[in-house]
Amino acid sequence: MPRIVTFIVVGIMICCSGCVTIPPEAPELSAELGKRLNAIEESHIALVHRLMDEKRRRVDDFILREWLPVFAEEVFREPAINNAWQMVVAEDNPEQRLRFLMMLGPKLQATVNEKRLELIKPLDELELDIERRLRQEYALATSINNSITSYLASASAVAENRDRLLDMAGVDRSAITEAIDDADKAVTTLVKGKDQLEDRVNGFLKVVEAAKETLGNK
């Protein structure tokens, strides 16, 4: 990243030239700022995890309330299963009914698990991509902080210094926010959309994959 190297070199040259006086407290302030940047980084990542957990809960709710009833209805519409069920119901034997459900249940659960994996896995992958990108951004901020001590006028101005340094380095923080917004849009469309279930599922997967690709390209 030539631009970052340029800022570091310029900062070192200015300091060495005597134009900027480094106060005795600078090393202590630098260490304190580094600690606070680490704390902010972990808090930021923890917030992303909580946001994505909420998206996963909404997907689980969608599967339980919307997808599962439609799937179960389609299963019981199959001639073989429907005929067998009608026979069990006609016999009115609780033991037979329980045996039928115990036989069919694991097959239904396996399909439900597959559908959940299909919808949750893209969110998990996007979450990992966002976390990886965040750690890169904060590593960059820490590197600049350690190299340009002239910005450490006050340890309490951590957030302001962080944003200013990232802006100077040309870091595009909007990519992370955009990825999270895309995840929210995808889940909202899945849960509250008016299209057919299959179209909503496909649309969800398409948006999440596009968000992952965009995040990787920025």
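The values are calculated or read from the model by the stated rules, or taken from the named source; none is laboratory data. Owing to the predicted nature of the structure, the values given are computational and were not obtained by experimental measurement. No Cβ is skipped: glycine too gets one built from the backbone with ideal geometry, and neighbour counts run over all protein chains shown.
Restricting Phe76, Phe62 to residues that are touching a residue at least 40 places away in the same chain (Cβ under 8 Å), part of a helix (DSSP H, G or I) and in contact with a helix residue (DSSP H, G or I) (Cβ under 9 Å, 6 or more places away or on another chain) narrows the list to Phe62. For region 182-191, the criterion of being crowded, with 16+ Cβ neighbours inside 10 Å, at pLDDT below 80 and in a helix (DSSP H, G or I) is satisfied by no residue at all. For Asn202, state whether it is at pLDDT 85 or above and either surrounded by fewer than 13 Cβ atoms within 10 Å (Cβ to Cβ) or part of a helix (DSSP H, G or I) (or both). For Asn202, the condition - at pLDDT 85 or above and either surrounded by fewer than 13 Cβ atoms within 10 Å (Cβ to Cβ) or part of a helix (DSSP H, G or I) (or both) - is met. Out of curiosity, is Val171 of a type outside the set (Phe, Trp, Tyr) and either at pLDDT 70 or above or touching a strand residue (DSSP E or B) at 6+ places or on another chain (Cβ under 9 Å) (or both)? No. Could you tell me whether any residue of region 99-106 is outside any helix (DSSP H, G or I), surrounded by fewer than 13 Cβ atoms within 10 Å (Cβ to Cβ) and charged (D, E, K, R)? No, that holds for no residue.
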